[in-house]
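Dumping the structure here so I can ask a few things about it.
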Amino acid sequence: MYIYQTMSNSFGYLDIILLGMIAGFIILRLRSILGRKTGHDSKVYPDFSEKKFSIPQKETKPKKQNLEVLEGNDKKEFLRGAEIAYESILTSFAAGDLIKLKALLASNMFSNFSEAIKARNKNNIKSDFTFIGVKESSVEKYEKVKDNLFATVKFVAEVISVKKDKDNKIIEGNPDKIKFVTDSWKFTKNINNKSPNWYLAEIISQ
């Protein structure tokens with residue numbers, strides 16, 4: 001019985017020693033793998049991974065646009081807007097929509113369009129107009145005169161245009177025929193105006 005108790009106690013001590021040795025071995029391995037913190041380690045910000053990677057936003061002054069020339073993306077955007085304005089002006093004129101025209105025309109052009117619409121209405125002439133699309137557009141001339149910008153655009157488009165009298169008889173055009181039209185329009189914009197819009201200032205005769 002005494003021998004049994006002695007052996008049990010011995011095994012208990014051996015278990016503690018073995019566990020201590022295993023724990024010491026694990027601590028040494030961890031220190032060799034992770035290293036020690038010396039106090040000079042760089043700080044790790046826990047929210048860095050949440051922010052993900054992004055280029056820092058520097059406080060830079062907005063790039064000033066060179067208004068002396070029209071090129072690159074500015075030219076592409078201008079022509080895209082000019083094509084939309086071209087279609088809107090033609091369709092609004094055919095429909096006699098003065099409200100839309102006023103937002104697209106310079107004051108002198110608005111007066112001319114208004115007079116033409118009044119004369120058409122007076123003579124009971126009806127305009128049937130279908131805009132097919134712009135086939136080609138290009139900037140023929142661009143210039144800056146003091147505080148005003150001017151850009152002349154050449155349009156080649158497909159339309160169906162018919163004029164009818166008071167009895168609904170066709171007096172001009174063919175409703176079954178698409179025709180090509182070529183126009184040169186001069187647009188203008190004042191650089192001091194907060195509005196980014198250009199306005200039709202002149203229709204140049206070919």
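The values are calculated or read from the model by the stated rules, or taken from the named source; none is laboratory data. Computed from a prediction, not measured in an experiment: that's the story for all the values here. No Cβ is skipped: glycine too gets one built from the backbone with ideal geometry, and neighbour counts run over all protein chains shown.
Given Ala151, Ala116, which one is surrounded by 13 or more Cβ atoms within 10 Å (Cβ to Cβ) and assigned by TED's automatic domain parsing to the domain that holds Glu83? Spell out the reasoning first.
On the way: Ala116 fails: surrounded by 13 or more Cβ atoms within 10 Å (Cβ to Cβ).
So the residue among Ala151, Ala116 that is surrounded by 13 or more Cβ atoms within 10 Å (Cβ to Cβ) and assigned by TED's automatic domain parsing to the domain that holds Glu83 is Ala151.
Please go through segment 138-159 and give me each residue that is among the acidic types (Asp, Glu) and in a strand (DSSP E or B), ordered by number.
First, the residues of segment 138-159 that are among the acidic types (Asp, Glu): 140, 143, 147, 158.
Residues satisfying the conditions are Glu140, Glu143, Glu158.
Only one of these conditions is not met by Asn124: (1) among the polar types (S, T, N, Q); (2) on the phi < 0 side of the Ramachandran plot; (3) touching a Lys or Arg at 6+ places or on another chain (Cβ under 6 Å). Which number is it?
With respect to (1) among the polar types (S, T, N, Q); (2) on the phi < 0 side of the Ramachandran plot; (3) touching a Lys or Arg at 6+ places or on another chain (Cβ under 6 Å), Asn124 is out only on (2).
If I go through segment 161-206 residue by residue, how many of them are charged (D, E, K, R), touching a helix residue (DSSP H, G or I) at 6+ places or on another chain (Cβ under 9 Å) and within 19 Å of Leu101 (Cα to Cα)?
Of segment 161-206, the ones charged (D, E, K, R) are 163-167, 169, 172, 176-177, 179, 183, 186, 189, 194, 202.
Keeping just the survivors that are touching a helix residue (DSSP H, G or I) at 6+ places or on another chain (Cβ under 9 Å) gives 163, 183, 202.
This time we only want the ones that are within 19 Å of Leu101 (Cα to Cα), so: 183, 202.
The qualifying residues number 2.
Where in segment 160-206 are there strands (runs of 3 or more DSSP E), lying fully within it, with 3 or more residues that are crowded, with 16+ Cβ neighbours inside 10 Å?
179-190, 199-204
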